[in-house]
Amino acid sequence: MEDYVNNPANMHDFSLMNTKAFANLKGSGGNIWEVFEVLDDVRRAIFRNTVFGYFIDVPRLQGDALLFHKMFLHQIRPDPVLSPDGIKRLYFRVGNTKMVYGPEEFCLITGFNFGEYPKNIGRKGSEKLISSKKRCLLRERLFPDHTNSSVKIGDLKSLILNQTFLALDDLDAVRVCLIYILCEGFLGKEVNDRVPQDWFYLAENLDLWNSFAWGSYQWDFTYVDLEDTWNKIHHYLSLPERGQTLKYSVSGFTAPIRIWIYEMIPAVRACGFALRKNKDLPRMKRWSGTKKLKWVDVNKIWSKMQEGLPPRQNMLPGDGEMTSFYYMSFQEYVYGEGKAVPSPVRDHFRRQDESSSSMSSSGRSHGRGRGSGKHKLDELLKRVHALEQHVFMNQQKPTEVFYEEVNNEQFWNDIIFEEPTVSQRNYDEQVVQDEVMNKNNTTQNVFGDTQNDKVLEESNQYAGNKFDDDVFDVNDYSEVKEEWEERNDNAGNKFDDDVSDEDELIIMGNVDYFHDDDDDKEVTPDKPRSRKPSQFLCTPYTELHTTPKQKRRTKKKVGMKSTSPVPPPVFGVAHDFSMLRLQPYVAGGEDVIQNYVLHSYDVQHRLFNFVLDRDFWSSLFGHTHDGWLESAHITIWYRVLMERRFESDRHTIMPPNFFVSHALEEGQDWRAFMAGIATYPNFMVAWWDVDTVLLPIHSSPNHWLFGELRLASMEVHIYDSLGRGAYEKFQSEGIFSKFERRVANYLDKIKYWARRNIPRIPLNMQFIYEENVPQQSSHLGDCGVFLCMFMEQLVSGQPIRVLIDPKNAALEFRLRMAKIIWGSSLAPL
């Protein structure tokens with residue numbers, strides 16, 4: 001990255017750094033104060049309670065287009081190598097100082113909330129994707145003579161500055177002001193541009209308007225034009241003859257860049273061109289310009305920097321900002337610990353493209369999205385619905401037990417979760433029952449039906465030897481699964497994410513893989529055929545010709561026997577989790593299996609910003625993604641453990657991305673977490689009040705391990721259920737050294753040594769690999785499960801020791817985790 005920044009080819013020609021231009025900053029926000037002047041006291045009070053309300057107290061913004069242009073003459077050519085984490089930022093180089101302007105700086109300046117939003121909202125044609133075809137009541141009240149798509153920005157401005165504005169309802173007057181400030185003041189729209197009806201729908205509900213992710217939306221909208229500024233300037237400077245003055249325009253909210261320049265370049269303040277009036281939050285309220293700058297004023301600022309007043313490199317959040325809601329929302333959004341953010345806006349606009357309703361933490365969008373269109377979306381929904389009908393509706397009639405109560409024991413047996421607490425007596429009784437069934441020539445299949453062996457034998461013979469020379473064992477459904485997998489492979493698996501996999505189908509207990517029209521008919525044994533008597537062919541006139549009765553030839557049965565359940569192993573205290581910290585939540589989550597089977601699994605956890613959807617539970621149950629747990633599972637787990645922390649405990653737990661952010665040397669600020677002042681979650685504990693810090697650690701690409709930092713000795717003990725691979729990788733790549741340097745820096749920032757009343761010493765961290773750790777042996781990715789197990793064991797004061805059977809212990813703990821997460825989702829104990 002440094003080579004790219006230092007390469008002169010990625011910057012404008014230094015000899016042309018004094019090229020003047022006319023920059024039109026459309027979204028500078030300079031004309032929004034004319035709206036505030038027409039608001040009376042009642043409407044002004046209502047406006048103050050909105051998300052844009054604090055702008056009433058912001059000093060009137062100046063254009064400062066020349067200062068903007070001078071700064072962007074020092075912009076570095078945009079390239080993905082500058083943002084390896086996928087976050088879109090702008091980079092500048094002024095002298096020997098590299099400066100960054102990105103979503104974090106935008107958040108600190110504006111104070112807008114960050115989060116996911118429908119990527120087509122506010123774009124042309126997005127109203128076609130809105131599921132509800134209800135009338136736009138706000139537009140009808142404000143502009144009864146217009147259609148939804150014919151209202152222009154100029155119409156809004158005319159209404160606000162007209163006498164009819166005084167006759168409007170107070171709430172409607174505030175709503176129209178919000179839409180106008182957004183479109184004209186922040187997004188930089190022209191007076192002839194049309195107002196998307198999305199904003200009318202959004203402003204109809206002010207709570208919905210205030211909860212919208214304006215920070216991420218406006219940053220994404222503005223970034224596109226800001227990034228393209230480099231190309232506009234470079235194209236002009238590359239011309240052999242430059243007769244006319246450079247002219248270009250920039251859309252989006254550009255006013256925060258002016259505040260960022262004031263913050264980053266002290267020479268602006270030293271020259272008397274800017275004043276910092278206070279230390280209010282957000283930073284937009286702090287600064288005011290003293291005059292509209294001319295080109296000679298801008299050059300004076302740069303001369304001042306060369307005289308010994310260099311610019312700053314980073315904009316770091318203060319203590320108040322680190323605990324603010326908008327900054328914590330930025331942390332969750334950009335360095336997110338989950339997959340999907342619940343949004344009332346997304347519920348309102350349900351027909352947006354699927355990418356805007358489910359986003360991964362590694363695949364976030366920071367530019368303007370493009371919709372797939374209503375036609376493609378409808379086709380996709382139709383095909384998904386057809387697949388759902390084929391998978392879920394083409395079944396036998398559910399049994400009465402399925403509707404009333406789900407058999408939890410059968411559920412876990414079907415997905416190979418062997419229950420170790422089943423006694424040997426129950427197993428022996430099952431074996432005796434199977435022997436009785438064998439004597440009666442009956443066999444019970446996986447679906448619970450009982451059939452005669454002779455009938456099954458004949459059915460296999462007449463089926464065209466579908467299974468070659470082997471007789472199909474109805475209790476062994478492995479061949480059914482193989483055929484189902486082959487059928488899915490041949491179909492191309494076009495909608496893998498929307499079709500439940502074979503394990504999920506099997507556990508329902510009522511799916512017929514060989515459905516036929518005659519399946520609903522009762523199967524009965526063959527009866528002797530009788531002949532209708534004839535008046536001529538009867539004795540004593542003649543004697544009927546008869547043939548000796550022959551026994552039907554059947555194929556020899558190969559291994560035809562009834563199989564009983566595999567006897568579960570009997571474990572000792574190694575699998576007794578009853579003494580762990582989160583055990584009280586287990587009882588409240590007993591119905592998690594029933595809800596999962598009945599597809600009622602979507603739940604909003606109170607300690608998490610994201611919806612726990614089908615993928616969340618499927619991964620936890622081991623049905624998808626090879627059972628690998630994601631950061632969402634780990635985040636909820638550590639937050640519940642911290643919530644259950646006792647006053648006498650001497651530990652704290654850091655988020656899953658804490659270690660990774662230090663290893664990658666990211667710019668995320670962790671002082672609030674280490675100092676125990678983070679508001680989300682609000683139960684963090686300062687490092688100087690604990691003895692150990694527990695560290696969930698992620699190793700790329702998909703492995704979890706666990707670290708225990710003992711502050712007294714500065715030893716980090718590594719617990720890995722997959723051997724020494726990740727430990728040796730971290731050593732060879734210098735990850736441990738980077739972590740040590742970053743932690744040492746943060747300890748100084750939070751004044752750890754002084755608050756602990758001990759002399760500062762060099763850290764000299766020792767990273768120790770623990771040998772006696774349970775090793776995963778299942779085909780599932782159990783590393784995250786063991787991480788959660790180790791974490792809870794240390795929190796509960798129990799040592800981490802080798803288990804008798806790690807495979808089944810992990811399966812048991814998956815069930816326990818599902819119950820605890822479900823049971824703790826609504827309220828704490």
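Stokes-Einstein D for the stretch 761-801 at 25 °C, 0.890 mPa s, Kirkwood Rh over Cα pairs, in µm²/s?
199 µm²/s
For the pairs 279/749; 26/285; 70/152; 26/70, note any where the Cα-Cα span goes beyond 23 Å.
70/152
Quick check: at a probe of 1.4 Å, how many percent of the accessible area of the stretch 619-729 sits on carbon and sulfur atoms? All intermediate terms of the calculation are to be shown ahead of the outcome.
Numbers: 1690 of 3430 Å².
That fraction is 49 percent.
Summarise the accessible area of the stretch 788-829 (1.4 Å probe, protein heavy atoms) by the percent that is carbon and sulfur.
Heavy-atom surface of the stretch 788-829 belonging to carbon and sulfur, 1.4 Å probe: 61 percent.
For all pairs of alpha-carbon atoms in the stretch 605-654, what percent lies in each bin of width 5 Å, listed from the first bin to the last filled one?
Bin by bin from 0 Å, the calculated values are 4, 19, 24, 19, 15, 10, 6, 3.
Computing the accessible area with a 1.4 Å probe over protein heavy atoms, can you report the carbon and sulfur percentage for the stretch 169-313?
In the stretch 169-313, the share of accessible area belonging to carbon and sulfur is 44 percent.
Per residue, how large is the accessible surface of the stretch 1-77? Use a 1.4 angstrom probe and give square angstrom.
43 Å²
Let me know the shape class of the stretch 139-206, please: from the alpha-carbon gyration tensor, a ≥ b ≥ c as square roots of the eigenvalues, rounded when a/c is under 1.5, otherwise prolate if a/b is greater than b/c, or oblate.
Taking the square roots of the gyration eigenvalues as a ≥ b ≥ c, the stretch 139-206 is rounded.
Express the accessible area of the stretch 224-273 per residue in Å², computed with a 1.4 Å probe while the remaining protein chains stay in the model.
40 Å²
Assuming a viscosity of 0.692 mPa s and a temperature of 37 °C, what translational diffusion coefficient in µm² per second does Stokes-Einstein assign to the stretch 735-828, Rh being the Kirkwood radius over Cα pairs?
197 µm²/s
How long is the stretch 125-267 along each principal axis, judged by its Cα atoms, biggest number first, in Å?
55, 36, 34
Using only the alpha-carbon atoms, what does the stretch 672-829 span along each of its principal axes? Please give whole angstrom values in decreasing order.
48, 43, 28 Å, listed from the longest principal axis down.
Which whole-Hz couplings ³J(HN,Hα) result when phi for each residue of the stretch 199-216 is put into the Karplus expression 6.51 cos²θ - 1.76 cosθ + 1.60, θ = phi - 60°, listed in order with x for Gly and Pro?
Per residue, the Karplus-derived 3J(HN,Hα) values read 6, 5, 4, 6, 6, 4, 10, 5, 5, 5, 5, 6, 8, 5, 7, 5, x, 5 Hz.
Over 19 Å apart: what share of the alpha carbon pairs of the stretch 715-788 falls there, rounded to a whole percent?
50 percent
The values are calculated or read from the model by the stated rules, or taken from the named source; none is laboratory data. What you see is a predicted model, and the numbers here were worked out from it, not measured in a lab. Note: accessible area is taken over every heavy atom of the protein model, side chains too, but ligands, DNA and RNA are not part of it. Shrake-Rupley method; radii C 1.70, N 1.55, O 1.52, S 1.80 Å.
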